[in-house]
2 protein chains.
Amino acid sequence: MALTQDFKKSLYQSLYKITDGNATIAPEELCCYAYDATNQMFMPDVVVFPNSTDQVSEILALASNEGIFVIPRGSGSGMTGGSLAVNGGIVMAMGRMNQILEIDCDNLVARVEPGVITGEFHKAVESKGLFYPPDPASSSFCTLGGNLAECAGGPKAVKYGVTRDYVLGLQAVLASGTVIRTGVRTAKGVAGYDLTRLIVGSEGTLAVVTEATLKLLPLPESVKTMAVLFYTIDEAAEAVSAIIKESVVPRCVEFLDRSSIECVKDKFNTTLFNVDLLERIHAMLIIEVDGSNQVTQEDAQKIRDFCMSRGAAQVIIAADSNQAKELWAARKALSPAMFKIAPNKINEDIVVPISSIPEMVKRIEQIKKRTALSIVSFGHAGDGNIHCNIMYNRQNEDEQRRAQSAMDELFSHTLELGGTITGEHGVGITKIKYLPKEIRQNEMDIMKGIKKVFDPKNILNPGKIFI
Amino acid sequence: MALTQDFKKSLYQSLYKITDGNATIAPEELCCYAYDATNQMFMPDVVVFPNSTDQVSEILALASNEGIFVIPRGSGSGMTGGSLAVNGGIVMAMGRMNQILEIDCDNLVARVEPGVITGEFHKAVESKGLFYPPDPASSSFCTLGGNLAECAGGPKAVKYGVTRDYVLGLQAVLASGTVIRTGVRTAKGVAGYDLTRLIVGSEGTLAVVTEATLKLLPLPESVKTMAVLFYTIDEAAEAVSAIIKESVVPRCVEFLDRSSIECVKDKFNTTLFNVDLLERIHAMLIIEVDGSNQVTQEDAQKIRDFCMSRGAAQVIIAADSNQAKELWAARKALSPAMFKIAPNKINEDIVVPISSIPEMVKRIEQIKKRTALSIVSFGHAGDGNIHCNIMYNRQNEDEQRRAQSAMDELFSHTLELGGTITGEHGVGITKIKYLPKEIRQNEMDIMKGIKKVFDPKNILNPGKIFI
């Protein structure tokens, strides 16, 4: 949709008016809203910054009348291009709607605007002794609105579930500008169809969320962190499902493969880790348990005994929060450290059943050999969610081709093992061609039908999810 | 839709053929599939008993071609008429599809057919050390398919959530006969729109579920049951939200008001309960905590101390499972005992924010006075889900009118306090006229649009949810 300069200018003026001056067409500003974590860039025609549901509604009504695309955007930290203006149009940046409207300690419920930074929301509820478990790696800068759009997860999903499990109700604006309210502000509620969870994870294609009612939990009294080193990946994977079956559900079970350990070799605190062992192990788990002081002590010891009896090479239980940070240090350093291997990466968040992790890791090894590329796997082993990073150099056409072929094969194996191509990043544009491998035509037709009900003119974040 | 005798006969013959003889038009058999727990009766034209997804698909394709209504049915234990053939048509009884197809202990996942009895599924997974928390009061005879249709809850929802939180994926058949597969069999998955949770709770109006993939948990090592007696309802309600905030999340917090206690006065084990106190208290909580042996011991003591410091009259912690049964006895006897008061009841499953329970109870007292009817309230206080039973005599027209007016007022107050008209029973036919008080036209339009996408000819369970 190429807009004429005149039209663009008049559109900008209308948006400027609706938002009391909070719109821009200056190229140097537009480009700040053109990228996301996929490292791709698409220039929007205009960027607008609404600060109320009414403004969002007016903007959408205008866009709907004119047939202009609208792309809602949080912090642009998405991994699959969900917030990119791939066909131009209006980027609606939600950052000004960043108020925590209410934290209700009696009913364990919060009301928030979409532009609230996830990490700031964590701090706000924790200061009141409450807990919001969804915790994507980008929590220090991503927004709750983006988390809702993608149904973000993170490491604590193994015990606490994902974003969808914490959304009780929404206020959202349809493509036409119509404001809807879904769900409830109570723990239970089954009146009518579940529009709330339909909108969550719909990647901004069904409606623009302007307010969410979120469920909170009491903050656990204590957290214990431990690192477990295994000689083989099989032992590590078996330990993961065995631990959970043994009635201890850790809040995280993070996993690093040999390549990951290599990447961050210099980040391990050698007063805690045995240097010699670090050279010989093929998998590391970082496990956290939470609950009362006593419970976490006992659970950590149970997990240690259990892992040792299953062939673990070493188990380190953090004595305090500083040591816990040391145990996490290597894991946290991974993302930047990978660029030592190659300048570009494709980060895919596949999920397989926990018991298929060893098989998946073997198949990834084969892909590595076949494509002669480095592939670094780590992630949330507790729920089978492996972040698989294919490292390559985009300038090298041959490497780029091999990376593409590695990705194709990765998804085929994932689906063959009963998994899914995306656990928490969404489909966006980067997985769009793979979606039909997972979702058949029958289901796709229903999804497209639903899209039409919400957005008959297809103006809301077009070009995402569906081909 | 009145079918001619000839048409009915030929329809019956087609269904007989599809299901190898598992269909009936005999009135004495039809009437067994005409009722549910609402005590209303609507005769179907035919009842068919498919035993495979293929048969369900063939039946629906036939019905769709002929424009015949199809009403899916589990055990007929629904409280709002969801399985009633209000406009005649084919009742599709799912009881023959009652296989537990798989219990995967490594990945904590089960695959089931819809006709599995919930209580039998509980036993099957528990025998493997696993746990499926949703637990409606009818679990000894209701089916998992019915639970999915209504998004059933039960007492353990306060800690463990409701049916929707345990459904990972579905196989379902659309009105046209088209088979769809939704969701995943892993803990995470965000590929495409969330059709799974859209179908859950849609009361059989969107698709007929023929297989569900359910998430399981490890079975807690131990459960501790306690009864807490309060002089006032306010103290009881305040204790509930305070307990949860104090980092102890019990797995149930059941609540009985003064009328409930009166009803089952003779069911209390007087070696455990103080008879004198039972006359003076206005609320009783039955609380269960689960976890390791040590945790449940500690949590029970914490809750006892906490309740005593907040004015509880007595706290009884069951020493063993027999005593636990004694504590539950009065609660379990409630439903039948209520009929001592009046021959008919309207059982509404309203939900209010926990902190509004005292106010709601006060308003229920006012409704009682105004209508001069007995109203017995009990339920799942931990999630604000109050089962409010309006007792009356259906033969007495005046009482019937007053019961109706009590119900109208009950729902108004519920919504005014930020609640919902149904926590777990669904809308069906009995709440259909109240739904527009909770769901506005904008959202209703979207829901009706979705219904049309799934079932353009409106043959699947028509006359439910929407006016």
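Observations on the model:
- Gyration tensor (alpha-carbon) shape descriptor, segment B:208-266, a/c threshold 1.5: prolate
- Compactness ratio for the protein assembly as shown: Cα radius of gyration over 2.2 N^0.38 Å (N = residue count) comes to 0.95.
- Dipole magnitude for segment A:123-249: about 560 debye, using +1 per Lys or Arg Cβ and -1 per Asp or Glu Cβ, origin at the Cα centre.
- Inter-copy label distances at B:LEU272 (7 Å, Cα→Cβ; nm, one decimal): 4.7
- Cα gyration tensor, segment A:222-335 - rounded (a/c under 1.5), prolate or oblate: oblate
- Sparse packing (at most 16 other Cβ atoms within 10 Å of the Cβ) combined with a DSSP loop state is found for the following trypsin sites (Lys or Arg not before Pro) in segment A:252-356: A:ARG310.
- At q = 0.10, 0.11 Å⁻¹, base-10 log of I(q)/I(0) for segment B:108-218 (Debye sum, equal scatterers on each alpha carbon): -0.25, -0.31
- For segment A:341-437, a crude dipole built from +1 on the beta carbon of Lys and Arg and -1 on the beta carbon of Asp and Glu, taken about the Cα centre, is about 240 debye to the nearest 20.
- Across segment A:341-437, Cα-Cα pairs farther apart than 23 Å form 18% of the total.
- Cα-Cα separations in segment B:279-422 greater than 19 Å, expressed as whole percent: 60
- Counting, for every residue in B:281-292, the Cβ atoms of other protein chains within 10 Å of its Cβ and taking the mean gives 1.
- Around A:PRO218: net Lys/Arg minus Asp/Glu count, Cβ-Cβ under 13 Å: -1
- Since only B:THR80, B:ALA324, B:PRO220 are under comparison, the one whose Cα sits farthest along the positive direction of the charge dipole of the protein assembly as shown, derived from C-beta charges on Lys, Arg, Asp and Glu, is B:THR80.
- Only Lys, Arg (+1) and Asp, Glu (-1) charged, at Cβ; chain A dipole about Cα centre in debye: 540
- Nearest chain A C-beta to the A/B rotation axis, reported as residue and distance in angstrom, is A:ARG197, 2.
- Contact order relative to length of chain B, as percent, for alpha carbon pairs under 8 angstrom and 6 or more apart: 15
- With contributions of -39500 (n - 2.57) from each DSSP H run of at least four residues, the per-residue ellipticity at 222 nm computed over the protein assembly as shown stands at -11000 deg cm²/dmol.
- Placing a label point 7 Å from the Cα of B:THR4 along the Cα-to-Cβ direction, the distances to the matching points in the other copies come to 6.4 nm, shortest first.
- Dipole-positive endmost among B:ALA381, B:ILE432, B:ILE354 within segment B:341-437 (Cβ charges, Cα centre): B:ILE432
- Number of partner chain Cβ atoms within 10 Å, mean per residue of A:448-456: 4
- 7 Å along Cα→Cβ, label-point gaps from A:GLN301 to other copies, nm, shortest first: 1.7
- Global geometry of segment A:327-386, whether rounded, prolate or oblate, following the gyration tensor of its Cα atoms and the 1.5 cut on a/c: oblate
- Area projected by the alpha carbon convex hull of chain A, averaged over all directions, nm²: 22.4
- Cβ-defined net charge surrounding A:SER176, 14 Å radius [Lys, Arg +1; Asp, Glu -1]: -2
- With the simple spin-label model, which puts each label point 7 Å out from Cα in the Cβ direction, the B:GLN400 to A:ASN269 separation comes to 7.5 nm.
- Counting Lys and Arg as +1 and Asp and Glu as -1 over every other residue whose Cβ lies under 9 Å from the Cβ of B:ILE317, the net charge comes to +2.
- Shielding by other protein chains, B:166-179, mean Cβ within 10 Å: 1
Every number in this text was worked out from the coordinates using simple rules, so none of it is lab data. Please read these numbers as outputs of a predicted model, since none were measured by experiment. Backbone-built Cβ (ideal geometry, glycine too); neighbour counts: all protein chains shown.
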